[in-house]
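Right, one structure below, let's go through it.
The values are calculated or read from the model by the stated rules, or taken from the named source; none is laboratory data. Everything numeric here is computed off the predicted structure, so don't read it as measured data. We place every Cβ from the backbone using ideal geometry, glycine too, and count neighbours over all the protein chains shown.
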Amino acid sequence: MPRVLVTGIAGFIGSHVADHCLRLGFEVVGADDLSGGFWRNVPAAARLVTGDVSDPAFVAQLWREHGPFDYVYHLAAYAAEGLSHHIRRFNYRHNLGATANLINEAVLHGTRHFVFTSSIAVYGAGQVPLREDTVPVPEDPYGIAKYAGELDLRAAQRVFGLPFTIFRPHNVYGERQNLSDPYRNVIGIFFNRCRTGQPLTVFGDGLQTRAFTHVDDVAPLIARAPLVPEAKNETFNVGADQPVRVLDLAREVAQALGLPARIEHLPARPEVVHAFADHSKVRRAFQPPAPIALPDGLRRTAAWSQTLTPAPPQRFSAIEVSHGLPPSWR
């Protein structure tokens, strides 16, 4: 039975990946500092070790006390693209330093496969549809950190022979996500604001386009990666195909909840305007089923959200550069 490490296991994507690893017959050890995830998300059959993977001593302890690990699934991250301009040190520590810590231990202890969740934020602007052979030009510190993690993993493969698979998911949503984070995951933000009677805030004109991906279209593929020969040392976009305007998304979320859509436009912020990806490569390698349509995924997420009491936004307290910070984030 392979023993695997899943970082970010209390987050919603990590917990779903852990579920699928368990279904594959793996023994799952999870690591999470619970800063953005919840105990309730962790599968009962997994072992949770609480700590911060940006701390090299904690990562070494994971291997010493719970390893060795056949496979590592690295999903821990602080995935707030827009906010990353204002929290550079925090961003690089948690989104790049943590990756380096895990790669070090994986190399030292002979891990058989390292699965890394990157992001389509690595591509930057003006390159749609985003394809894996496109040269990344990230435009924000989050995308820079993710791309640097990809390059470091490739370097570890060349020098030490560490096999890897990189996934670049985008705009993932669904059951178990953190609905009280005001900086990332627009669907979660819209759900929380709509349920608490607040207007749905849209930056600029709302004509930005994104393709929104239900977690069940991502997690099974990530879990299977070490078992798919075509995935060895490869990079894959993974997610939904059909882009949607953010303004239309706001209305769809309200409709899924059966509530009115009150929309408030805020000043535009620096961001990539159009971001959607080509997924032909991942379909060839994994042959996944048809993706979950956005209205269906939103209805599922709405039904799950009704089991929770709406929570106030969890504000980030350690802003490093306040210049240009959107007023709604203060």
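Overview of results
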read-out: Only one of Leu130, Leu75, Leu83 that is more than 22 Å from Gly30 (Cβ to Cβ) and within 16 Å of the chain's Cα centre (by Cα); value: Leu83
read-out: Segment 269-311, residues that are in a loop (DSSP other than H, G, I, E, B), hydroxyl-bearing (Ser, Thr, Tyr) and under 28 Å from Gly82 (Cβ atoms); value: Thr309
read-out: First in segment 55-75 and acidic (Asp, Glu), second anywhere and surrounded by fewer than 16 Cβ atoms within 10 Å (Cβ to Cβ) and part of a strand (DSSP E or B), Cβ under 7 Å, 6 or more apart; value: Asp70/Arg3
read-out: Selected residue (only one of Val253, Val282, Val215 is in contact with a helix residue (DSSP H, G or I) (Cβ under 6 Å, 6 or more places away or on another chain) and under 30 Å from Arg3 (Cβ atoms)); value: Val215
read-out: Leu207 more than 30 Å from Glu230 (Cα to Cα), in contact with a Phe, Trp or Tyr (Cβ under 6 Å, 6 or more places away or on another chain) and at pLDDT below 95; value: no
read-out: Residue match in segment 133-151 (condition: among the β-branched types (Val, Ile, Thr), under 17 Å from the mean Cα position of the chain (by Cα), farther than 24 Å from Ala223 by Cβ and crowded, with 20+ Cβ neighbours inside 10 Å); value: yes
read-out: Residue within segment 144-161 that is assigned to a strand (DSSP E or B), more than 20 Å from Asp32 (Cα to Cα) and among the hydroxyl-bearing types (Ser, Thr, Tyr) present; value: no
read-out: Selection count, segment 237-293, where residues are among the charged types (D, E, K, R) and over 30 Å from Thr165 (Cα atoms); value: 7
read-out: Selected residue [buried (at least 19 other Cβ atoms within 10 Å of the Cβ) and in the same structural domain as Ala219 (by TED's automatic domain parsing)] from Ala60, Ala100, Ala79, Ala125; value: Ala79
read-out: Residue match in segment 73-83 (condition: more than 29 Å from His323 (Cα to Cα) and either among the small types (Gly, Ala, Ser) or not in a loop (DSSP other than H, G, I, E, B) (or both)); value: yes
read-out: Segment 182-208 - residue that is aliphatic (A, V, I, L, M) and out of contact with any Pro (no Cβ under 7 Å at 6 or more places or on another chain) and, of those, surrounded by the fewest Cβ atoms within 10 Å (Cβ to Cβ); value: Leu207
read-out: Phe167 being within 16 Å of Ile222 (Cβ to Cβ) and modelled with pLDDT of 95 or more; value: yes
read-out: Looking only at segment 12-38, and only at residues there that are farther than 16 Å from Val172 by Cα and modelled with pLDDT under 95, the one that is surrounded by the fewest Cβ atoms within 10 Å (Cβ to Cβ); value: Ser35
read-out: Conditions (1) under 25 Å from Val215 (Cα atoms); (2) touching a residue at least 40 places away in the same chain (Cβ under 8 Å); (3) not in a loop (DSSP other than H, G, I, E, B); number of the one not met by Glu264; value: (1)
read-out: Hits in segment 1-60 (condition: more than 19 Å from the chain's Cα centre (by Cα), of a type in the set (A, V, I, L, M, F, W, C) and not in a strand (DSSP E or B)); value: Met1, Leu22, Leu24, Phe26, Ala44, Ala45, Ala46, Ala57, Phe58, Val59, Ala60
read-out: Options Gln306, Gln314, Gln287, Gln242: the member that is surrounded by fewer than 17 Cβ atoms within 10 Å (Cβ to Cβ), in contact (Cβ under 8 Å) with a residue 60 or more places away in the chain and not acidic (Asp, Glu); value: Gln314
